[in-house]
Amino acid sequence: MKVSRKEAQVLRDLATRWLEHANQSVMEERRRQWRAVKDLQAERPMILVETCMLSDYIGRDELVCQDPYLRNIEKSLFEIVRHADEIGDDIVVDQYFRIPWDIEISDYGVPIVATHVQACDGSDVGYTFNFGVRSEEDFKKLHLRTRCVNREETIRQKKMLEDVFGDILPVKVGGYDPFDPDPGYRPWLGNLFGGLTMDLFKLIGNNNLLLWVYDKPELIHKMMVLIRDDRQAHFRFLEQEGLLYQNLDTWMPCNGSYGFVSDLPPVDEDQEVRLKDCWCWVESQESEPISPTMFDEFFLPYIAEVTRPFGLTYYGCCEGLDDRFEYVRRAIPNLRVVSVSGWSDLFKMGEMLGKDYVYSRKPTPANISGPNPYWDLLEKDIRDTLTAARDCNLELCYRDIYTINGDRPRLRRWVEMTRALMMG
C-alpha cells in the first residue's frame, strides 16, 4: 500500500494533535476519577459522549486518504481529536494508537447475511438478516465457528502506520473488533463481548426467539448451548494465542464506558494477559420482552457462564433491567457496572444499585438526535438521573447517537448543561 506525501502529512498532523491532547495533565486526573467510579468510590459523576457512531461527525469531504484502510485510520484519528477539541466531557486520550489483530472467523454453518437500507444521502437507515435457522433440521447444520489470526498482515499494518506516524504516536496491537469486518482501528476493539442473544436473533429471528421459548423450548436451550460454547471457545482462542490486551486503559464503547479500576492490577508488558485480568461486557437486549423468570430460565444461565473467567463484568445495554436485576446480580458474582437505559425505571435502579455497583446511565438518544434537540426533555432526564442516582457511583455515557444534522455544538451544550445541573 503506497501512502502519498499528502496523506502521510495529514495522518502525521492528526497524530501530533492526538498526542498533544494525550499529554495534557487533565488526562491523568480523568483516569483517576474514572477509576474512582469503577472502584465504587466515586468523587463525582463522570460524563462521556460517544461520537464514533455519529455518521455525520466527520464529513466525507473532510477526509483525504483514498485507500479504505488508511481512510479509516484517518477518520479514527480525526474523530478522537475533534472530540477532545470540542465536547468538553471526560474523554481520556491515550498516549498511543491501537489497532486490532486481523482475525478471520467462520460462520456457524449457516451464513448470517445482513440486508441494509440506505437513505438518499447514502446513510444507513436500517437492516435485517436472512435468519437461516427456521427449524430443527436447520439447527443440525450448525457447528462451532473456526477462527485464525493473520499475524503477518497485522504486523504489516502496524509497520506501515509506524512508518507514517510512529515517531510521533506509538502504534500498539491488541484485541479484535467483534462487530465490524472492515479493517482498521475501531475504538471498541477492547470489548470482550460475551452477549449471546444477539447471535441467537441473527440466526432465528425475533419472532422465533419470542415464540420458541413456548413452542420449542428444548431447541432454544440447544441454540444457547451452542452459542455459549462458541463464545467461550473464542475467548480461549484469544487467550491462548496471546491476542488479548488488558482493557483497563481504554474506552469500551458499545457499553460506552472506561475500564480504569484498581481491582484488576495492571499486567506488565512482558507478561501474558489472561481473561481474569480483563473486563467482560454482556447484555441481552433481544430477550427483554421475555418475562424475568423465563429470561432466568432460558438465557441468563448461559450468559453468566461466559462471564466466569473474567475479572469483572459490565452488564447491559439498552434493555430495561429493573424487573430482572436481582436475577442478574445473583447469577454474575463479578458484576461491577450496570447499564441504566431509558427503558429502565431510573429510581428503582438507583435503589437496587446503591453503592454496590456503578450506575452507568445511558440518556435517551432520541432527545438529542435529528434536526432539533428536545432541550426540555434533556434537562428533565439529567435532573431525574441525578436524583435517582444521588447515592450511587454514577457515570453518564451518552451513546447510540447516530445523527445530529451537522450540529456538533449541541454535544458540548449538553455536557455544559449536565455539569451545571450537577453543580446546582
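For Gln24 and Ile112, FRET efficiency with R0 = 35 Å and r from the beta-carbon atoms, rounded to 0.05?
The computed FRET efficiency comes out at 0.25.
Would you work out if the range 24-123 is rounded, prolate or oblate? Take a ≥ b ≥ c from the square roots of the eigenvalues of the alpha-carbon gyration tensor; rounded if a/c is under 1.5, else prolate when a/b is larger than b/c, oblate otherwise. Prolate is the answer for the range 24-123, as a/c is 1.5 or above and a/b outweighs b/c. Couplings 3J(HN,Hα) of the range 396-412, computed from phi: 10, 10, 7, 9, 6, 8, 9, 8, 10, 6, x, 8, 5, x, 5, 5, 5 Hz, in residue order, whole Hz [Karplus 6.51 cos²θ - 1.76 cosθ + 1.60, θ = phi - 60°; x for Gly and Pro]. Charged side chains reduced to their Cβ positions (Lys and Arg at +1, Asp and Glu at -1) give the chain a dipole of some 240 debye around its Cα centre. Projecting the Cα atoms of Gln41, Pro333, Leu300 onto the charge dipole of the chain, computed from C-beta unit charges around the Cα centre, puts Gln41 farthest toward the positive end. Decide, for the range 298-424, between rounded, prolate and oblate: order the square roots of the alpha carbon gyration tensor eigenvalues as a ≥ b ≥ c, take rounded if a/c falls under 1.5, and otherwise choose prolate if a/b is larger than b/c, else oblate. It comes out prolate by the Cα gyration axes.
When only C-alpha pairs under 8 Å and at least 6 residues apart count, what is the relative contact order of the range 367-419, in percent?
It rounds to 51 percent for the range 367-419.
Of the residues Tyr127, Ile168, Leu142, the one whose Cα sits farthest towards the positive end of the charge dipole of the range 49-177 is Leu142 (charges of +1 on Lys and Arg Cβ, -1 on Asp and Glu Cβ, taken about the Cα centre). By other beta-carbon atoms within 10 Å, ranking Asp90, Asp167 with the fewest at the front produces Asp167, Asp90. When you restrict to C-alpha pairs under 8 Å that are six or more residues apart and normalise by the size of the range 43-150, the relative contact order lands at 24 percent. What trypsin sites (Lys or Arg not before Pro) in the range 313-368 are in a loop by DSSP, with at most 15 other Cβ atoms within 10 Å of the Cβ? Here the trypsin sites (Lys or Arg not before Pro) that fit, given the DSSP loop and packing criteria, are Lys355.
Let's see if you can work this out: charge +1 on each Lys and Arg Cβ, -1 on each Asp and Glu Cβ, no other charges. What is the dipole magnitude of the range 1-50 about its Cα centre, in debye to the nearest 20?
So the magnitude is around 240 debye.
In order along the range 158-163, the Karplus-derived 3J(HN,Hα) couplings, from 6.51 cos²θ - 1.76 cosθ + 1.60 at θ = phi - 60°, round to 4, 5, 4, 5, 5, 5 Hz, and Gly and Pro are given as x. With each label modelled as a point 7 angstrom along the Cα→C-beta vector, the Asn206-Thr16 pair spans 5.0 nm.
In this structure the amide hydrogen of Phe129, modeled in the peptide plane, comes within under 5 Å of the amide hydrogens of Thr115, none closer than 5 places in sequence on its chain. Phi-derived couplings, Karplus 6.51 cos²θ - 1.76 cosθ + 1.60 at θ = phi - 60°, listed residue by residue for the range 132-142: x, 10, 10, 7, 5, 5, 5, 4, 5, 7, 7 Hz, with x used for Gly and Pro.
Taking other C-beta atoms within 10 angstrom as a stand-in for reagent exposure, Val267, Val213 fall in the order Val267, Val213, fewest first.
Bridging of Lys216 to aspartates and glutamates at a Cα separation below 16 Å is possible for Glu136, Glu137, Asp138, Glu297, once same-chain residues fewer than 8 apart are set aside. For the chain, averaging the sequence separation of C-alpha pairs within contact (under 8 Å, six or more residues apart) and dividing by the residue count gives a relative contact order of 19 percent. Its DSSP H runs of at least 4 residues, each contributing -39,500 (n - 2.57), put the calculated 222 nm mean residue ellipticity of the chain at -13000 deg cm²/dmol, to the nearest 500.
Of all lysines in the structure, the ones whose alpha carbon falls short of 29 Å from that of Lys172, not counting any fewer than 8 places away in one chain, are Lys2, Lys6, Lys38, Lys75, Lys158, Lys159, Lys276. By other beta-carbon atoms within 10 Å, ranking Met349, Met422 with the fewest at the front produces Met422, Met349.
Computed from label points 7 Å out along Cα-Cβ, the spacing between Glu269 and Asp384 is 4.9 nm. Paramagnetic label reach from Val125 (point 7 Å along Cα→Cβ; backbone nitrogen cut-off under 20 Å): within the range 39-75, residues 54-56.
Recomputing percent of Cα pairs over 40 Å apart from the coordinates shown identifies the correct label among [x] 22; [y] 10; [z] 15 as [z].
The label point for Asp167 and the one for Asn405, both projected 7 Å from the Cα toward the Cβ, are 4.7 nm apart.
Residue separation of Lys141 and Asn372 scaled by 0.36 nm, minus their Cα-Cα distance, works out to 78.3 nm of gained length.
Laboratory data are not the source of any read-out in this text; all were calculated from the coordinates shown. Computed from a predicted structure; not experimentally measured. Note that each Cβ is placed from the backbone with ideal geometry, even for glycine, and that neighbours are counted across all protein chains shown.
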